[in-house]
Amino acid sequence: MNKTLLITGGASGIGAETARRAATRGYRIAINYRSREAQARAVVADIEAKGGKAIALAGDMAREADILRMFEETERSLGPLTHLVNSAGISTGPGRVDAYDAAALAHLFAVNVVGLMLCCREAARRMSTMNGGTGGAIVNVSSMAATLGGRLGSSAYAATKGAVDAFTKGFAREAAAEGIRVNSIRPGMVMTEMTEGRLKDTAFRAGIEASIPMRRVGQSHEIAEAILWLLSDESSFITGAMLDAAGGGYII
Ligand SMILES: NC(=O)c1ccc[n+]([C@@H]2O[C@H](COP(=O)([O-])OP(=O)(O)OC[C@H]3O[C@@H](n4cnc5c(N)ncnc54)[C@H](OP(=O)(O)O)[C@@H]3O)[C@@H](O)[C@H]2O)c1
C-alpha cells in the first residue's frame, strides 16, 4: 500500500522527528511549516539523503485557505493522502485568567483547535471509503495539560488540548465505519523548541522533573515513536484513544 503522510508543524520538534522516522518506514511525507522554511527544507534533505521522498509546504494552520492549498499540493505531489499528524501548535497565550485577552485566546484556539479540525475535515474527505478513498489514520497531538488543566498559567492552552481530545473521540466514532482511525497523543513535558527556553532555567527544570514520576522530561523521539505506532497497522483496532506519553503524568 502507498502511504502518504502529511505532518503539520513538521519543521521542528515532535513533528520533525516524526517525519524523519516515518520516512524510514515507507511513508512519503509532506512537511508543513509556517515560518521555519530552512528547518523544513533541512528535514526534507535528511529524508532524501536516505532515499526517502518528502516535500516542504508553507501554510498557516490558522488560515483555511492555506489548509486547503496544503492538502491539494500534498496529493498533487505525493498521491492520495493516507495518514495525517496534526502537530502544529502554540503554547504562548494569555497566561493566567486575569490576563486573558480575547484576540490572544481566539488565535490560540484558531491554531490549536480550529486549524486542526479543518485539517481533519480535509483528510476525512479524502480518506473516507464513502468517497472512494482507501481509509487512513490520523494522530492529533494533544497534551497532558488536557488532563489536569495544565501547569499554572496554562489554563487556556489546556482548554485547547481538552478540545482536541473531545473532538478526537467524537470524530473517531463518526469516521470509524469509513476506514479512518483517529487517536490523540498526550505528551508530557518534552524538550523541543517550544520548551527549551524555559527548561534552560535549572530551577524551573528541577521543579518540572520533580513533578514527573519518571523524574525527567521526554525527548521528541519518544513521542514520535508512539505517534508512528498509532499511525501504523500495528494499532489497527484502536480509534478514539488518548495515549499518554508523559513519564507517568505530573503532579501539581
Ligand atoms: N514540547 C512539549 O513539552 C509538548 C507537550 C505537550 C504537547 N505538545 C504539543 O506538541 C506539538 C508540537 O510541539 P513541539 O513541542 O514539537 O514544539 P515546536 O517545535 O514549537 O513545534 C510546533 C510547530 O508548530 C508550528 N506552528 C505553530 N503555529 C503554526 C501555524 N499557525 N501554522 C503552521 N504551523 C504552526 C511551529 O512553527 P512556527 O514556529 O513557524 O509557527 C512549530 O514548527 C504542539 O501541538 C504542542 O502543543 C508539546
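State, as an integer percentage, the relative contact order of segment 104-163 based on alpha-carbon contacts under 8 Å between residues 6 or more apart. Numbers along the way, then the final one.
On the way: 43 pairs, mean separation 19.4, N = 60.
Reported relative contact order: 32 percent.
What percent do you get for the relative contact order of the chain when only Cα pairs under 8 Å and 6+ apart count? If you can, show how the numbers build up before the last one.
Values: 501 pairs, mean separation 46.1, N = 252.
Normalised by residue count, the contact order of the chain is 18 percent.
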- For segment 1-68 and segment 204-225, compute the distance between their C-alpha centroids and round to whole Å. 25
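Expressed as a rounded percentage, what relative contact order does segment 16-95 have, with Cα pairs under 8 Å and six or more residues apart?
Numbers: 79 pairs, mean separation 20.8, N = 80.
Relative CO of segment 16-95 lands at 26 percent.
Since every read-out is calculated from the coordinates, none of them should be taken as a lab result. What you see is a predicted model; the values in this text were computed from it and never measured.
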